[in-house]
C-alpha cells in the first residue's frame with residue numbers, strides 16, 4: 001500500500017491560518033448591527049471592533065477540509081497508540097450526542113426541565129459502578145488526570161476524617177506520569193517502587209515502602225506493559241494492612257472490562273477514562289471524561305452536587321447537602337456530551353458486547369505479540385511466557401545496537417506507511433520502547449500489515465538508515481523539533497502574531 | 001563541525017590478567033610485561049571507534065601520536081589529525097596529562113579517554129571540568145562514574161553526542177590506592193569530578209517529575225532536604241555534588257566537595273572532618289547522615305566517604321541515614337552497595353531503602 005498525505009502548501013508555508021486568509025468585507029456571516037437593547041452591558045465593556053476573520057462560506061469549508069486532509073485519525077487508519085486506547089468511535093453515539101435534547105440544554109436550567117439529562121447521568125453512574133465493582137461514581141472530572149486528582153483529594157479527605165495526616169503516595173515506576181503529578185498536586189510526597197523482572201510491582205519493595213505514612217498506592221492494572229498484576233491481592237493486602245487506600249488508574253481498563261472488576265481486587269478508588277474504554281473521542285486536551293468510583297467508606301466525600309432520585313416524587317435532583325463532601329471539582333456536572341456518548345456506547349454493546357470487545361482487544365494484542373516475536377531488531381524485555389492483555393511493549397534496542405536507528409525513527413517511519421505510531425519511549429522502564437495497543441476494532445489484515453511494516457522498517461534500518469532518520473517524508477509535515485514544540489509552544493493566534501512581530 | 005579528542009593509555013588494563021590490579025607506576029608495567037601481559041586498551045579502543053566509524057558522521061578527530069590514539073584511529077579506519085610527541089612503547093601519565101591540556105587548547109567538544117581510574121584521574125587533574133570526557137573501559141580498576149558500560153556503548157554515546165548533542169552530568173572520578181589494593185584492602189578515594197555526556201532514558205527523567213537537567217534536580221532534592229532538616233540536630237554531609245547542592249541551598253558555598261562537613265542549625269560548623277571529629281561532635285546529640293551514592297558503582301558507604309565509619313553510622317542510627325540521588329544518577333546506578341567495613345552493618349542496609357530523588361519524591365532502591 002502506498003501512502004501520501006495531502007499537503008496544501010504555498011511555497012514552504014502550509015495552509016495559512018484562517019486569520020491570514022481573511023480579506024476585508026468578504027464575510028460569510030451577518031452580525032447584529034448593535035448591542036441588543038436591554039442587555040445592560042456597561043459601556044466600557046462593549047467592544048467597538050471584533051477581529052473576526054472575514055471569508056466566504058466556500059473559503060471556510062475548503063480551509064477546514066484541507067486541514068482535515070492533512071490530519072490523521074482513527075477514521076483514517078490504524079492507530080496503535082499504547083495505553084491511549086484509540087478505538088473506533090461509533091457514529092451513532094455522535095448522532096445521539098448531537099440531538100437538540102442533549103446538546104442544547106443548559107446546566108442552569110431548572111431541574112424539572114432536564115430530568116432526561118439527569119436520568120442519563122444517574123444511570124451511567126450505575127452502569128460504571130457495576131462495571132468497576134464500586135459503590136458510587138462521580139462523573140464530574142473532565143479529563144483523565146482531573147479524575148486522578150479527584151481520587152487523590154478523596155484519599156486525603158478520608159485520612160483527614162480518620163484524624164491521621166498521611167503524607168505518602170506510592171507509585172510504581174511503570175505508571176503514567178500523571179500519577180506522580182496528581183499525587184504531588186494533592187499535597188502528597190511520592191514514593192516510587194520498582195518493577196520486578198516479570199514487569200510487575202516488586203512486592204518486596206512495596207512491603208518495605210508501606211508504613212503508617214502511606215495514604216495510597218496508585219496502580220494501573222493491567223499495567224503499562226500490558227501485563228496483569230497477578231499478585232494484586234497480595235498488593236492490596238500490603239497496602240490495606242497499614243491503613244492505606246488502593247487507587248485504580250483506569251487507563252488500561254479495556255484489557256479487563258467485563259472480565260474482572262477493580263472493586264473485587266480490593267481497589268477503594270477507581271478511575272475511568274471514558275475517552276479510552278468507552279469509545280468517546282479523544283479530545284486532544286478536551287473534552288474528555290475521567291469519572292471516579294469509590295467504595296462505600298469514601299462515598300460521603302464525593303464532590304457536590306450528587307445526582308439522586310426521589311422515588312416518591314419520581315424525580316431526579318441535584319443534592320448539594322453533603323457535609324463531608326470535598327466540594328466542587330468542576331463548575332457543573334461533567335462534560336455532558338461525552339457522557340451521552342459513553343452511555344450510548346454501553347447500551348449499544350450491552351454486557352456481553354463489552355466482554356466481547358475486551359476479548360477481541362486482548363486477542364489482537366496477543367496476535368501482534370506472537371507475530372512480532374522473533375522478528376530481528378525487536379524484543380520483549382519482560383517475561384512474556386503468559387499472554388499479555390490489551391497491549392504489548394516491544395523494545396527496539398537490538399535494532400538500535402545493530403544499526404543506530406532508534407525507536408523514535410521506527411515510529412516516525414511508520415507514518416510514511418499510513419499508520420499511526422505506537423507510543424514510544426514509554427513506559428520508561430523499557431529502553432527504546434514501542435508500546436502497541438491495536439484495540440478490538442482492527443481486522444486481522446490490518447494487524448498483519450502492521451507487523452509486515454515493522455519488519456520492512458527493520459530491513460530499511462540495515463540498508464538505508466538515513467531514510468529512517470529523515471522520516472516521515474510522506475506526511476504533510478515532516479519531523480518536528482519536539483523539544484522546541486514543548487518548550488516554546490505557540491497555542492493561539494495572539495501568541496503567533498506576537499512572535500511574527502519580533 | 002564537532003571536534004572529538006581521543007587519548008589512549010596503551011598500558012591501562014595490562015595488569016588485570018596477570019593479577020597485578022593496575023599499572024600505576026612504571027616498575028609495575030615492567031613486571032606486567034615480564035609476566036606476559038599484553039596491551040588490551042588499543043583493541044578495546046578500536047571497538048569503540050568502529051561503532052563511530054560505522055555511523056558515518058561528519059566530525060573532526062584529533063588524537064595523540066602512535067599508540068596513544070593515532071594507531072587505533074588508523075586501525076578503525078578513521079581519519080585523524082595527530083598532535084603531540086611521545087616515545088612509542090614508553091608513554092607515561094605525563095603524556096596523558098599533556099595530551100588533555102593540548103586538546104583543551106584545541107577546543108575539542110569531548111575527549112574520549114581509554115584507560116582505567118588512574119588515567120581518568122590524570123585527565124581530570126590536568127583539565128578539571130573544563131572539557132567533557134567519556135571513558136572507554138580498558139583499565140583494571142574502574143570505580144569512576146565516567147566510563148561507558150562497554151567499548152561499543154562508548155562509541156554509541158559519542159556518536160549520539162556528535163550527532164544530536166547530549167546533556168552533560170557531573171560524575172565522580174575515583175581512584176584506588178593500588179598498593180593497598182594489591183594487599184586486598186580497598187581504599188577508594190574521590191579524586192574529583194568530570195563532566196560526561198549522559199544518555200537519559202529521556203522520558204524516565206520527566207515522568208518521575210525530573211526536569212531532565214541534573215543541576216535542577218539536585219536543587220529540587222536540596223529544597224526537600226532543607227525542609228526535612230531540624231534545628232538542634234547535627235547533619236553529617238558526605239562528599240559529592242548532590243550533597244554540595246544541599247549546602248548551597250543553605251547558603252553555604254565553601255563546603256568540601258571531596259570530604260565530609262558538619263552542619264548544625266543550618267550553618268556549617270566543621271569542614272573536612274575526620275571520623276574522630278565526627279564522633280566527638282555528635283556525642284550526646286541527635287544527628288543524621290546525608291550521603292549520595294557514587295555514580296554507576298552505587299556505593300553509599302565505604303567509598304570516598306570512609307570518614308563516615310561503621311561507628312559513626314551506629315551512633316547516628318541507620319534510620320537517620322538519608323540517601324539522596326538524582327533520577328539521572330539512579331538511571332545509571334540501578335542498585336546500591338555498602339562496604340562500610342563492618343559486615344554486620346552492611347547486612348542491615350541490604351534490601352530496599354528509600355532514596356530521595358526530588359522535591360517530595362523518593363524511590364525504593366535495592367541495596368545488594
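For residue B:77, are the conditions met, namely being in contact (Cβ under 8 Å) with a residue 12 or more places away in the chain, over 25 Å from the mean Cα position of the chain (by Cα) and farther than 25 Å from residue A:462 by Cα? For residue B:77, the condition - in contact (Cβ under 8 Å) with a residue 12 or more places away in the chain, over 25 Å from the mean Cα position of the chain (by Cα) and farther than 25 Å from residue A:462 by Cα - is not met.
If I filter the stretch B:266-281 for residues that are within 20 Å of residue B:340 (Cβ to Cβ), in contact with a helix residue (DSSP H, G or I) (Cβ under 9 Å, 6 or more places away or on another chain) and in a strand (DSSP E or B), do I get at least one hit? There is no residue in the stretch B:266-281 that is within 20 Å of residue B:340 (Cβ to Cβ), in contact with a helix residue (DSSP H, G or I) (Cβ under 9 Å, 6 or more places away or on another chain) and in a strand (DSSP E or B). You will find that of A:133, A:144, A:151, the residue that is under 30 Å from residue A:196 (Cα atoms) and at pLDDT below 95 is A:144 and no other. The one condition from (1) touching a helix residue (DSSP H, G or I) at 6+ places or on another chain (Cβ under 8 Å); (2) at pLDDT below 95; (3) under 23 Å from residue B:354 (Cα atoms) that residue B:298 does not meet is (1). Do you know which residues across the stretch A:466-498 are at pLDDT 85 or above and not in a loop (DSSP other than H, G, I, E, B)? The answer is A:466, A:467, A:468, A:469, A:493, A:494, A:495, A:496, A:497, A:498.
Within the stretch A:81-121, being without any contact (Cβ under 8 Å) to a residue 60 or more places away in the chain and part of a helix (DSSP H, G or I) holds for A:91, A:95, A:98, A:100, A:101, A:113, A:116. Taking the stated definitions as given, is residue B:337 farther than 20 Å from residue B:224 by Cβ, in contact (Cβ under 8 Å) with a residue 24 or more places away in the chain, out of contact with any helix residue (DSSP H, G or I) (no Cβ under 6 Å at 6 or more places or on another chain) and at the interface with chain A (Cβ under 10 Å from one of its Cβ atoms)? In short, no. In the condition set (1) touching a helix residue (DSSP H, G or I) at 6+ places or on another chain (Cβ under 8 Å); (2) closer than 19 Å to residue B:8 by Cβ; (3) at pLDDT 90 or above, residue B:130 is compliant with all but (2). The set of residues from the stretch A:198-239 being without any contact (Cβ under 8 Å) to a residue 12 or more places away in the chain and either more than 14 Å from chain B (Cβ to nearest Cβ) or in a helix (DSSP H, G or I) (or both) comprises A:204, A:208.
The residues of the stretch B:52-65 that are without any contact (Cβ under 8 Å) to a residue 40 or more places away in the chain and farther than 23 Å from residue A:401 by Cα amount to a single one, B:65.
Restricting the stretch B:187-205 to residues that are modelled with pLDDT under 85 and in contact with a helix residue (DSSP H, G or I) (Cβ under 7 Å, 6 or more places away or on another chain), the residue that is farthest from the other protein chains (Cβ to nearest Cβ) is B:187. Just for the stretch B:256-265: of the residues that are in contact with a helix residue (DSSP H, G or I) (Cβ under 9 Å, 6 or more places away or on another chain) and modelled with pLDDT of 90 or more, which one is farthest from residue B:302 (Cα to Cα)? Taking the candidates together, the pick is B:264. The set of residues from the stretch A:204-226 being buried (at least 21 other Cβ atoms within 10 Å of the Cβ), in contact with a strand residue (DSSP E or B) (Cβ under 9 Å, 6 or more places away or on another chain) and closer than 25 Å to residue A:433 by Cβ comprises A:205, A:206, A:209, A:217, A:218, A:219, A:220, A:221, A:223, A:224, A:225, A:226.
Looking for something outside any strand (DSSP E or B), surrounded by 16 or more Cβ atoms within 10 Å (Cβ to Cβ) and within 14 Å of chain A (Cβ to nearest Cβ) - is there at least one such residue anywhere in the stretch B:40-47?
Yes, the conditions are met somewhere in the stretch B:40-47.
Conditions tested, residue by residue: (1) modelled with pLDDT under 95; (2) surrounded by fewer than 22 Cβ atoms within 10 Å (Cβ to Cβ); (3) within 10 Å of chain B (Cβ to nearest Cβ); (4) assigned to a loop (DSSP other than H, G, I, E, B).
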site	(1), (2), (3), (4)
A:386	yes, yes, no, yes
A:394	no, no, no, no
A:400	yes, yes, yes, no
A:410	no, no, no, no
A:415	no, yes, no, no
A:421	no, yes, no, yes
A:427	yes, no, yes, yes
A:434	no, no, no, no
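One residue stands out in the stretch A:106-122 among those that are touching a helix residue (DSSP H, G or I) at 6+ places or on another chain (Cβ under 8 Å) and modelled with pLDDT of 95 or more: the one that is surrounded by the fewest Cβ atoms within 10 Å (Cβ to Cβ), namely A:116. Of the candidates A:78, A:19, the single residue that is modelled with pLDDT of 95 or more and either over 30 Å from residue A:175 (Cβ atoms) or outside any helix (DSSP H, G or I) (or both) is A:78.
The values are calculated or read from the model by the stated rules, or taken from the named source; none is laboratory data. Given the structure is predicted, the values throughout are model-derived calculations rather than measurements. Positions of Cβ are backbone-derived with ideal geometry, glycine not excepted, and every protein chain shown enters the neighbour counts.
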